[in-house]
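Single-structure report; data block below.
The values are calculated or read from the model by the stated rules, or taken from the named source; none is laboratory data. The structure presented is a predicted model; accordingly, all values stated were derived computationally and were not measured. Because the Cβ atoms are built from the backbone with ideal geometry, glycine has one as well, and the counts that use them run over all protein chains shown. The protein model used for the area step is the full one, side chains on, heavy atoms only, and it has no ligands, DNA or RNA in it. Shrake-Rupley method; radii C 1.70, N 1.55, O 1.52, S 1.80 Å.
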Amino acid sequence: MEKRISVAIDGPSGAGKSTLARKVAAELDFLYVDTGAIYRTVALYCYRAGIDRSDGEAIAARLPEIHPELFYGEDGLQHMLLNGEDVTEEIRQPELSLYTSAVSAIPAVRAFLLDLQRDLAKKHSVVMDGRDIGTVVLPQAEVKMFLTAAPEARAERRWKELREKGSAVPYEEVLADVILRDENDKNRPIAPLRQAEDAVLVDTTNYDLEESLQLLLNAIRERM
Ligand code: DC
């Protein structure tokens, strides 16, 4: 059987992980897996059900009803299904970000999604992006990168993205959201956001997309 290779890309929100990981995957002809989208899909179910995001017990009790699935469209993009419904667009609503951050801190939720993520890496060579891919999900990954940037740079990128989509949310609000989410993701007791010891650190604060992509590809090729 052909050997599967895993590239794990972790880091805080807004570091450019998903855009860069998608491009890296296309370049290497690997499957791109956005694990944040899987967490968002589980969170969407709970959000729609009106469950308080801090009610870990209520959320854990609903997990057997939740069936998140990935599929890849003709466009090659990852789509998310929630119990058969395509929620790819809906999971991007900004209100869901902090809610997902809270849901993703619940141990039962993390355990629930572990096999789904690992199975993908068993079946395909992957570029998987998330928070704990190099540390917990795929500790054996051949290549691990930790992608980061200053909070202000990450907030500015997200703010521009939102503005392009027609949102008038102020920059200060986006920055506060980025900082709060970093705190939540870093300080949770289970699978906190942290750099794996054997991960390469790439800071994209002062690089544009193309420069960051070349940095990543060089680091990956060195290790593969
Ligand atoms: O990458 P994102 O912003 O779409 O992720 C949404 C939330 O999901 C984020 O606040 C942290 C959480 N998450 C996680 O805990 N573990 C992952 N592997 C991916 C995302």
| Near pairs, Cβ below 9 angstrom, 6+ apart or cross-chain, from region 121-137 (within 12 Å of Ile9 (Cβ to Cβ) and at pLDDT 95 or above) to any residue that is more than 8 Å from the ligand (Cβ to nearest atom) and among the acidic types (Asp, Glu) | Gly134/Asp198
| note | Turns out the strands (runs of 3 or more DSSP E) fully within region 116-224 with at least 1 residues that are under 25 Å from Leu82 (Cα atoms), within 13 Å of the ligand (Cβ to nearest atom) and in contact with a helix residue (DSSP H, G or I) (Cβ under 9 Å, 6 or more places away or on another chain) are 126-130
| query | For region 71-80, does any single residue satisfy the condition of being of a type in the set (Ser, Thr, Tyr) and open to solvent by 20 Å² or more (accessible area, probe 1.4 Å)? | reply | yes
| query | So which of Ala168, Ala191 is out of contact with any strand residue (DSSP E or B) (no Cβ under 9 Å at 6 or more places or on another chain), without any contact (Cβ under 8 Å) to a residue 24 or more places away in the chain and small (Gly, Ala, Ser)? | reply | Ala168
| message | Condition check: in a loop (DSSP other than H, G, I, E, B) and either more than 19 Å from the chain's Cα centre (by Cα) or within 16 Å of the ligand (Cβ to nearest atom) (or both). Does Pro64 satisfy that? | response | no
| task | Return the only residue of Leu44, Leu77 being under 18 Å from the mean Cα position of the chain (by Cα) and modelled with pLDDT under 95. | result | Leu77
| Restricted to region 11-61, and to residues that are of a type in the set (Val, Ile, Thr) and not in a loop (DSSP other than H, G, I, E, B), which residue is most open to solvent (accessible area, probe 1.4 Å)? | Thr19
| task | Filter region 1-10 down to residues that are surrounded by fewer than 24 Cβ atoms within 10 Å (Cβ to Cβ) and either under 30 Å from Leu180 (Cα atoms) or not hydrophobic (A, V, I, L, M, F, W, C) (or both) and give me whichever is modelled with the lowest pLDDT. | result | Glu2
| field | Candidates Thr41, Thr19, filtered to the one that is under 20 Å from Glu89 (Cβ atoms) and out of contact with any Asp or Glu (no Cβ under 9 Å at 6 or more places or on another chain) | value | Thr19
